[in-house]
Every structure is written in C-alpha cells, then in structure tokens.
Amino acid sequence: MILFVVILALLAAGVVAWASERLSKDAPRLVSIVAFGAGLVWSAALWLDGADAGGLYAAMDWPWIGRFGIHLTLEMDGLSLLMVALTMFLGIVAVVSSWDEIEAGHGFFQFNILWVMAGVVGVFTAMDLLLFFFFWEVMLIPMYLLIAIWGHEEKAYASMKFFLFTQISGLLMLFAILALVYVHHGATGEITFSYKALLEAEIEPRIAIWLMLGFFVAFATKLPSVPVHTWLPDAHTQAPTAGSVILAGILLKTGAYGIIRFAVPLFPEASADFAIWAMLLGTVSILYGGAMAFSQSDFKRLVAYSSIAHMGFILLGVYAFNELGMQGAIVTMVAHGFSTAALFMMAGAIQQRLHTREMSQMGGLWKHAPRMGTMTLFFVIASVGIPGLGNFVGEFLALLGAFQQNWVMAVVATAGIVVAAVYGLYLMQRSFQGTPNPDVASMRDFGLREMSVMAAMMAGLVWVGVYPQPVLELSNATIQTLGILP
Amino acid sequence: MAIEVPVEHVLLVAAALFLLGLLGVLVRRNIIFLLMSLEVMMNSAGLAFIAAGAKWGAPDGQIMFMLILALAAAEVAVALGLVLQISRRFDTLDVDAASELNG
Amino acid sequence: MLDWFWLVPALPLAGFFALFVTEGKLPDRIVAAIGAGSIGLAALVALGAGMEFTQSGEASYSQTLWTWMAVGNFTPSITLYLDPLSLVMTGVITGVGFLIHLFATGYMWKDHQEPEGYSRFFAYMNLFVFAMLMLVLGDNLLVLFLGWEGVGLCSYLLIGFYHRDAENGYAARKAFVVTRVGDTLMAIGLFLLFRELATLDIQTALGDAAQLDPGMATAIGLLLLGGAVGKSAQVPLQTWLPDAMAGPTPVSALIHAATMVTAGVYLIARMKGIYDLAPVAQFAVAIVGLVTLLIASFTALTQTDIKRILAYSTMSQIGYMFMALGVGAWSAGIFHLMTHAFFKALLFLASGSVILALHHEQDIFKMGGLWRKLPVPFWSMAIGSGALVALPFITSGFFSKDAILLTAWDHENAGRWFWAGGVLAAFMTALYTTRMMVVAFFGETRTEPHDASRINMWGPLVVLAALSIGGGWMTFSVLDDLLGAISHIPHTHPAALVTVALPLAGILLGWLVFSGRLRVGALVESPFGDAVRRFWQSGWAFDWVYDRVFVRPFLWVARVNKRDVVDLLFRITAAVTRGFHHIGALTQTGRLRWYAANMAIGLIVVVLIVASV
C-alpha cells in the first residue's frame, strides 16, 4: 500500500511542481526537493525499521486486470530498498545539479524528473511482469522529453536514439514476457504475470534460452553493454545535467537490477549456459569502454564512456554466479551511482561556466576553482578504483568472484583498472591541471549548495569504501532469497 | 412506344465518357478544366447506374444518381472555394503549381 | 601504549583530514604544525608501542579495528599487525618520515612555484604516511593493497604537485599508470591466492601455504613479484622513477627513496612463506634485482640532473635489496632497506638544500665549488655518499651491503654471478657518486648559492647524517626469528676483501677522472663511447621501446576510433532506413494529376487481376 502511495505521490508531486511554476521559478524545484527528501527519509526509516519475517520492507498486492491475471504487486526487499534509497538521493542531486542550468519551463522540467523517478521506483518494486514493463515505459517518456527539450546542440538526434534503443529492446522484453506467460499457461492452465508464480515455471531449455535473451537484450541495452552501448554517449552528452545524473546514476542501474531480478532467476539454467558470453561482454565493455573514454575530447562524453566500462564489472560479477561477484555488482551499482553522478554534475557545472565541454578549451582550471578541482580529483580517484572508496569494493569483489568462475576472463578484465587510470588521470590533467588556459579569465567556484551535495556524495563513497557492511547485508538478503547461487 | 436501347450501348457511352473525363484530368493543367473533367467522370458513373437500374427495373440506380448529383454539387462548392484560394495564392490556375506536398 | 597503537596510522589520517576540510585557509605556521606534528606524534606513539612490544617478548601483536566487509567466506578485517618486520618499517616510515616533514616545512615555505600549495602539500604528505603505514601494518593482503594503492595515489599527487607544468602532470601519470600495471599483477595474485587458500589474511595464508601446489606457489610468487617490481621501480617497470623526480625534493626523499619504493621489498619479505615454497619465483626476484642494479648504476653515471642521479642510485640500491631477498639474505635485505632509508633520505634532503640555495638549479655541471659555501649540505652529502658507496667499517651502508654480497657469494645457485654483478655495481656506484660529489661540490663555482635554511632544515640533515653513520653499528638482530639471522663472513675471506676494496678503487678512479687528473676524453668522445653514453643516459632505451610498443599504438587506436566503430552498425542501419525513405518519397511529387494517373493505373491493374482470376 505504502509503495503505491509513494509512486502516486511522486507522480502527484510532478503535477504540483508543474502547476506551481506560476508562483515562482523556484517553486517547482522546491517541490521536487521536498518530494525526494521525504522519499529519502521514508526509505531510511524503512531501512532502520528492518524487514519482516519474509525479508520484505513493504508489500502490496491488488488485482488489476483480473482476466489476464495481472496484479498491482509491489514489494520491497533489501535490493529494492537499496535502489529506491539511491533513487531518492540522486533525485535531490539531479535537482541541485540543474539549478542554474534550466532557463525555460521549470515546472515541466521538474515534472519530468519526478515522473522518471516515479517510474524508476515502480521498476525497482514491481513484482508483476506486466506492471514492471509498464513502469519500464513510464521511465522512458519523461527521460526522452528531458533530453529532447532541455538538451544541448544535438538533442533531437540523441533523444531519438535513446528512445529507439530502449523501445526496441523493450519490445523484445515484452515479447519474452508474453511468451513466458503463454508457456506457463500451457503448462498449468493458469494465466498470470506474477513474478513469483513465473519463477516456478518450467520451460523447455530450447525455448528458455530465447526468452532469457529477450530479457537480457533489454537489460543489456539499458546497462549498457558493448555492442549496444552507442546510445549512451550521445544521450549523456546531450542531456541536461539533471538528465545525465539520472541516466548514469539510476537508469543504468535498472538494467543491472533487471538482470539480477529477472533475467537470471527466471531462467537459471539458460543463464548459466549463457554466463560465459555475458562475462565476455562484460570484459569487452570494461576494456572497450575504457579505451573509448580515453579517445574522447569532450568531458561529458569521456565520463559517459567510463560508465560503460564500470557497467562491465556488473555483468562480470553477476554472471560469475557466486556471492562475491553478485555483491560486487551490487556495490558497484551504488558506488557508480555516486561517483558518476558527481562527475556529470561537475561536467554540467563546467559547461555552464565555460559554455563548452571540450577539454581542449579547459586546462589549469584549478587556479580559478580549487574546490571544483578537488572534487573532480576525488571522484576521478574513486572512479579509478582506489581502495577506501566505494568503487574499489565493488570492482574488487566482482573481479574476485569472476576469478573463481573463469580466471582468464577475470585476468583480462583486471587490465581494465590500468585503462581506468589512464583515462581518469588524463581527464584530470586536461581539465584542471596543466597550464591555465589564457582564454578562461575567471570561473566561479562551487558554493555552499553544490558543496553540500558533493560532500554528501563523498561521504557516501567513503562509507561504502571502508564499511560497506550495511549495504552488503541489505543486498545479501535478496541474493539468498533469489536462489540463483549454487 | 419507347425505343429499346441495349444496355451495352449505354455502358459503352458511359465508359467513353469516363475515359474522356480521365484523359481530361490527366492532361489538362487548368484547374477549372480539371473540375469539369471530374464532373464528366462522375456523370458517366451516374449514367452507368441509370442504365443498370433500367435494366433490372430497380429504383436503386436512380437513387444512386440522385446521390451523385448531390455529391457533385457539394464537391463543386468545396472545389470552387479551393480554386479561388489557389488562384489567389499562386496567381495561376495551373494545378501543378500547387505541388508543395511533395516528399 | 600498545593499546593506543591504532593512533599511529590514525594521526596522519587526522592530519590529512584537518588540512583537507580547511581548504588551505589555515595560516602556514599552523599547517606546518599539523603536517609535521601529526607525523611526529605518530612516531612517538610508534616508539612507545615498539618498546612495549619488544619488551613483551611476544612474536606479534595485532589489533582488530573492524571487519571491512564480509561476503561469504571472504571476511577481510582492518587489523593492525605488529611484528619485528612491520616494526622496523613503521619506525622508518614515522621516524624518517617525521624528519622529512620537518625539512619540508622549511623547503616548501613561501614556495614561489605554488604559493597557495603549502596546505595541500602537507595534506598529501600526511595521507601518504597514513597509506604507507596501512601497507606495512595491514594484517590482510586487502588492507595491504589499500595502502599499496594509496601510496601510489599520493605519489601521483605529489609528483604532479606543481601541476601547472604539463610535464609534471605527465610524469605523475606515467608513475601512476606504470606502477598500476604492477598493481594489476598483484591483484591477480591476490585473486589466485584467495582461490587456492580461501583467505587473504597474511598469517593464515602463510600458515596454510604448505597446502599450495608448487606450481600455484610459483605463480602467486611471480604475480606478487610483478606488483613489487612496479612499486619498487625494478626492471621492467622501472621507467617511471626518474621522471618522478618532478615532484618537490622532500617528496623524492620520502616516497621515492625512503619508503614507498621499498614497499616491494617489504611485500616479498612479508610473503616469505610463499617464496620458500617457490624457489623459481625467489630466483626471479634475485634476477630482477641483479639486472636492475646493473642497469641503474650504469645509467646513473651518465645523468647530469642531481635528482636523477639519486633516482637511478635508488633504483640500483633497491636492486640490491631484491637480490638479497632472492638469494636468501632476508634480514640483510631489510637491513639495507633501513640503512638506505637513512642515507638516501639524507642525500635527497641535502641535495634539496643545495637546489633551493641555487634557486632550483638541478644540473650538477652548473653547480661546483659549493663545499665551502654550503657546509651543512656538503657534509651531509659527503656522509650520505659515503654510506651509499659503502665506505668500509664506518658507514651504515657498508654493513648492510656487505652482508648482502657475502650471502650472495654463498648462494648455491649461481651465487658467484650474483656476487660479481653486485660488486661490479658497487664499483659503478662509487664511480658515479664520486662524479656527483666532485662535479657539484668542488672545482670552480658556477652558480652563486644563497643559503637561507634554518634549523628545521639542517636539523633533520644532522640527525639523518648521524643515522647514516651509526645506523649500521648496532647489531641488526630484531628480524632473526622471523627472517633468519644475517650471515657473517670473516673479512679475511678473499671475496670479502674484493667486496671491500672495489668501491675504494671506484672512488679513486672517479676522483682521478672527474677532477681532471686522468684524461679519458678521447674514449668518451669516440663514436662508440658517445653511443654508449647516449644509450645509458636514456635508461637503456626502455622508454623508447615502451613508447613504440604500447603508448603509440594505444594513442593511434584512440585517435582513429574516436567516433566508435561499433556505432557504425547503428549508423548504417539508420542510413539504410533513410535511403528507403528517400526512395519512397520520390513518389510524393505533390502533383495532383500524377496521383490521379497512379490511381487510374492502379485501378486498371486491380481490374485486370480480378478479371484474370
């Protein structure tokens, strides 16, 4: 019940934010901040409150379209709670990061942000396959609008590309869902879209592999994995800062979440057969994403490609099929949410100040903005994977887990941390270090508003880096109940 | 005593009229001629209806002809409005000038 | 005191944190007090705890702070582990570290290159000391790895401290990336160790090491060696160290001489239990050491930058340590690590004083005649050089190096070769050290010095000079139980006599040649001599080869693939779709009569089809 209320509240807050535009241009974003802040407090309260005997923090189950066995089933277990809390937090970050950037349509902008996030919360809690697909689509449209309306110079191309990739791969998932339900119906005579019921479905291996692929392609596109990653650099680069923060911080994680929650548990045998290929995709993503990041001269595009590399660790970890790898993937999801969101926020801040994303137009910015330099340095270091910060824990566990499963793949993927150092430090060098660019006369440094968000993200990364136990315990409960580990 | 006209003859006349109309539509560029040709085509269809109605002794053919007449009147009313617009906007009655909807 | 042992790493961390959150807004004097004071306090705590520990007679002491993470059977904890080995390392890090910090408070004062950087400098330095302490105190290889990566990060930050100069940034990135190659090997070693023994806890792993398959032990040993080679600047990952001299001189003293670069030696000594099972890996350690010490000592002879000379000398001295570990002189290797920390820190700090007095002039051929004008730096350099060339019986370097070479002599496997190589390099060491001293401090004055150093700068020099001499007189026996006693060969043995005599010969030859008493110009200027000189000066062309084999191909790929070749697939799909669109759009002429004709033709076709059926 509460979950449904939260989603409706986010949707309603979107409408309120839109309407409140008449009052002042600050009103919509205040509505957003209050909504996400309340959501964050609510998820923290749930976390502290602890799970019930079944490992759930909240649950509801209402009939929706009875004839087809479709229910409004929303459940929140450890993994969902972790992701929802991250969503709420990054919601605040997104709003703050676009504070000065948006010039027109404040109300509709916040409306879209809130609606994306409502869809995301739905995705993270839906336990009915059709409901899941419904929310999957709910996320898509507002995100498309965010890019298409408030994006940068090539927004039309980027938003269309984003839309087509997600939509086509989503269609495959819809086919797979319908086919799964059909197969289940054939076996039991019962039509249901319930996740729990379909977990029990027995599917011929020959069919299972295709259905699994339907899900996998949708999630791998969202993740994204090489070779279906090419929408991401365009979408990230062209999106407004809030859009990039949400895309990198949360929307990519829905792909990872989908793999962990649906693609693997629904088709355990098929996934096990497929594991080696998924790990290969992960490894290729790590290396290729890293190499591509190095090639870029656009600050935002570089960070976007680095996301692809980081997401490779998730594929590698999940398909290692052991606890280490799975936990590594989940910690990576959280840590990447912080570190990349911060870097995108930085990219947005620089673009707003210098009106360029090209690193050749930067250089020596430390002189003007030491705070921004320090922050960039910190998050670059986190993303390079220095121990003591969250990304290291995730990547180390993922690699450690992968090594138990397939050492060749793990060894090749480990080389990715060298590549990460190459592009990460190069980014730092070209933007903030080196000879100050004479064309840049001055640049406003971060103020209190930006720094408080940055400090929160730094604290998050250090926390996950030195004491990830609370996160691990939260996700461990889910991993055990999913029953995908041997 | 009416002279019995074989229905085939009437249909042949109708077909000839139709072809003449179609030819007019295809070759004339003046929009007024175009409309007139359309009228001819429509009337050829009406003639065919009447012939068929006479042949089977059913009133349906004549009813259809009434309908076509009404349709033609409405069509001319709309079309002349369009013609007026075209002549104002393009300063010509050449129908090919109004080809802005090309792909 | 032992209960408070956690303060040793915590104090530098607190110092870092204090300097980090105040964003450089503190007055410089307070920054200096925090920066050097935190290390000083840590040194005091370490001293107290160390004394209590040695008196307790226990073999080890450990203090668990918290469980880092717990995933299944992987439960690394943040535990500080104190045993004689880590005690020696802690002593060096906090003790020498404090002296260097103290020196730096003067060296970096009102630094004209980076006037606002005082606080940032000490923040990085404190963070480094923290990371280095975690490296040596970690009871778990993952904690060790935390320190390992942490020191690499601080090394990067400090090499690139003067970040406005793009070349420094390049040197910093090179150092980080090259050592990271080693770190990657080490990480793989950790994965393998965990797969085989299901733990990364060092003591547990060493205890269970006997279960290891010999091949696996060798693989793990070699992978860990890969990590050590990167961090300790040994062949083939040594190329970053000379460039790392771009950092301020105290950084070179602390990170690139006394502590971080010896981390590899520490790692191998710490994992002795693995290498005992893997003679092949241990032999590889010795070979790496031998090759490095030879290459580096020849290179040092041709450098003109005083810091690069010292950098190559550091490389070759660490080569001695590796060789020591490889031939089984474990304690002697660590002993040399300690004495080297003293005299090399001294050399770097003294050269730092000289460089500062000459307004950042580092070319020895632009110095000269300084011995009268800069007495404290000169005598410090002289003492440090004496220890570096191992002047017999009075300097600390002699005792440790002698122990290594004579153990190598006795090594059953190619020991004579190791001995010969080591002695040859010792001869070269004497030669290049004499060259550095003679050229920089004697002869005519080429640049007029302005010495403005105060007690916070020459005080550390005096203390380190005393340690460089006296550091070897005490019997170094704390490691006997853990790593085995240092072997003592009487100095009447012929090998021992040669070992003692060759460096003296080197000094003599060096003095004769570089003071101009012995003319060798013809040899040096001959085409062959010149080619050799250039080859040595380039560091045996390693940089050239790596540039061609790794850097350029990578850059080439990056350049040609900027647009992402994979996207081509989707761009082609889009282009094909658009092509069909254009073909379809051709029929949309907008001509009414054309449409009508089409309709007519279509109708006819339909009628024909219907009629023919």
Looking at residue A:299 and the list (1) within 20 Å of the chain's Cα centre (by Cα); (2) within 23 Å of residue A:472 (Cβ to Cβ); (3) of a type in the set (Phe, Trp, Tyr), which single condition is not satisfied? (2)
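The rows are residues; the columns are (1) outside any helix (DSSP H, G or I); (2) within 27 Å of residue C:168 (Cα to Cα); (3) touching a Lys or Arg at 6+ places or on another chain (Cβ under 8 Å).
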site	(1), (2), (3)
A:335	no, no, no
A:339	no, yes, no
A:345	no, no, no
A:352	no, no, no
A:356	yes, yes, no
A:371	no, yes, no
On the basis of being more than 14 Å from chain B (Cβ to nearest Cβ), assigned to a helix (DSSP H, G or I), surrounded by 10 or more Cβ atoms within 10 Å (Cβ to Cβ) and of a type in the set (A, V, I, L, M), does residue C:607 make the cut? no
Only one of (1) of a type outside the set (Gly, Ala, Ser); (2) in a helix (DSSP H, G or I); (3) more than 14 Å from chain A (Cβ to nearest Cβ); (4) more than 30 Å from residue C:476 (Cα to Cα) fails for residue C:111. Which number is that? (2)
From the options C:310, C:325, C:349, residue that is in contact with a Gly (Cβ under 8 Å, 6 or more places away or on another chain) and surrounded by 24 or more Cβ atoms within 10 Å (Cβ to Cβ): C:325
Evaluate the following for residue C:425: is it part of a helix (DSSP H, G or I) and at pLDDT 90 or above? yes
Scanning for something without any contact (Cβ under 8 Å) to a residue 12 or more places away in the chain, closer than 29 Å to residue A:7 by Cα and in a helix (DSSP H, G or I), does the stretch A:204-214 turn up at least one residue? no
Name the residues in the stretch A:386-419 that are among the small types (Gly, Ala, Ser), at the interface with chain C (Cβ under 8 Å from one of its Cβ atoms) and surrounded by 24 or more Cβ atoms within 10 Å (Cβ to Cβ), would you? A:410
How many residues does the stretch B:19-40 contain that are facing chain C (nearest Cβ under 10 Å), more than 17 Å from residue B:94 (Cα to Cα) and either aromatic (Phe, Trp, Tyr) or surrounded by 18 or more Cβ atoms within 10 Å (Cβ to Cβ) (or both)? 1
Residues of the stretch A:420-472 being among the β-branched types (Val, Ile, Thr), out of contact with any Leu (no Cβ under 7 Å at 6 or more places or on another chain) and surrounded by 17 or more Cβ atoms within 10 Å (Cβ to Cβ), in sequence order, are A:422, A:453, A:464, A:466
Would it be correct to say that residue C:521 is within 30 Å of residue C:316 (Cβ to Cβ) and of a type in the set (Gly, Ala, Ser)? yes
Give the stretch C:395-415 a look and list any residue that's surrounded by fewer than 24 Cβ atoms within 10 Å (Cβ to Cβ) and within 30 Å of residue C:520 (Cβ to Cβ), or say none. C:398
So, residue C:414, is that one modelled with pLDDT under 85, of a type outside the set (D, E, K, R) and more than 16 Å from residue C:300 (Cα to Cα) or not? yes
Here are some residues: A:430, A:444, A:449. Which one is more than 7 Å from chain C (Cβ to nearest Cβ), assigned to a loop (DSSP other than H, G, I, E, B) and more than 20 Å from the chain's Cα centre (by Cα)? A:444
Given (1) more than 12 Å from chain A (Cβ to nearest Cβ); (2) surrounded by 17 or more Cβ atoms within 10 Å (Cβ to Cβ); (3) more than 24 Å from the chain's Cα centre (by Cα); (4) more than 18 Å from residue C:138 (Cβ to Cβ), residue C:63 misses just (4)
Inside the stretch C:260-322, counting only helices (runs of 4 or more DSSP H) that do not spill past its ends, which hold 2 or more residues that are over 18 Å from residue C:434 (Cα atoms) and over 18 Å from the mean Cα position of the chain (by Cα)? C:272-277, C:279-300
Condition test on residue C:440, is it more than 30 Å from residue C:240 (Cα to Cα), part of a helix (DSSP H, G or I) and not basic (Lys, Arg)? no
Would the stretch C:352-365 turn up any residue that is under 29 Å from residue C:136 (Cα atoms) and surrounded by 20 or more Cβ atoms within 10 Å (Cβ to Cβ)? yes
Residue A:383 is checked against (1) among the small types (Gly, Ala, Ser); (2) within 11 Å of chain C (Cβ to nearest Cβ); (3) crowded, with 22+ Cβ neighbours inside 10 Å and fails just one. What number does that condition carry? (2)
Of all the residues that make up the stretch A:284-303, how many are touching a His at 6+ places or on another chain (Cβ under 8 Å) and under 16 Å from residue A:431 (Cα atoms)? 3
Please pick out the residue among A:272, A:309 that is in a helix (DSSP H, G or I) and more than 23 Å from residue A:471 (Cβ to Cβ). A:272
Condition test on residue A:97, is it without any contact (Cβ under 8 Å) to a residue 60 or more places away in the chain, out of contact with any strand residue (DSSP E or B) (no Cβ under 9 Å at 6 or more places or on another chain) and closer than 30 Å to residue A:327 by Cβ? no
Give the residues of the stretch C:499-534 that are surrounded by fewer than 15 Cβ atoms within 10 Å (Cβ to Cβ), of a type in the set (A, V, I, L, M, F, W, C) and in contact with a Ser or Thr (Cβ under 9 Å, 6 or more places away or on another chain), sorted by residue number. C:508
For the stretch B:82-103, which positions are outside any helix (DSSP H, G or I), aliphatic (A, V, I, L, M) and exposed (fewer than 15 other Cβ atoms within 10 Å of the Cβ)? B:101
Considering residues of the stretch A:452-486 that are in contact with a Ser or Thr (Cβ under 9 Å, 6 or more places away or on another chain) and within 12 Å of chain C (Cβ to nearest Cβ) only, the residue nearest to residue C:74 (Cα to Cα): A:469
Given (1) out of contact with any Leu (no Cβ under 8 Å at 6 or more places or on another chain); (2) closer than 30 Å to residue C:202 by Cα; (3) more than 14 Å from every other protein chain (Cβ to nearest Cβ); (4) touching a residue at least 40 places away in the same chain (Cβ under 8 Å), where does residue C:44 come up short, assuming only one miss? (4)
Please determine whether any residue of the stretch A:320-334 is more than 16 Å from the chain's Cα centre (by Cα), away from every other protein chain (no Cβ under 14 Å) and surrounded by fewer than 24 Cβ atoms within 10 Å (Cβ to Cβ). no
Of (1) part of a helix (DSSP H, G or I); (2) within 14 Å of chain A (Cβ to nearest Cβ); (3) among the basic types (Lys, Arg), residue C:25 satisfies all except one. Which? (1)
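The values are calculated or read from the model by the stated rules, or taken from the named source; none is laboratory data. This structure is a prediction, so every number in the text was calculated from the model and none was measured. Heads up, the Cβs are rebuilt from the backbone with ideal geometry, glycines too, and the neighbour counts pull from every protein chain shown.
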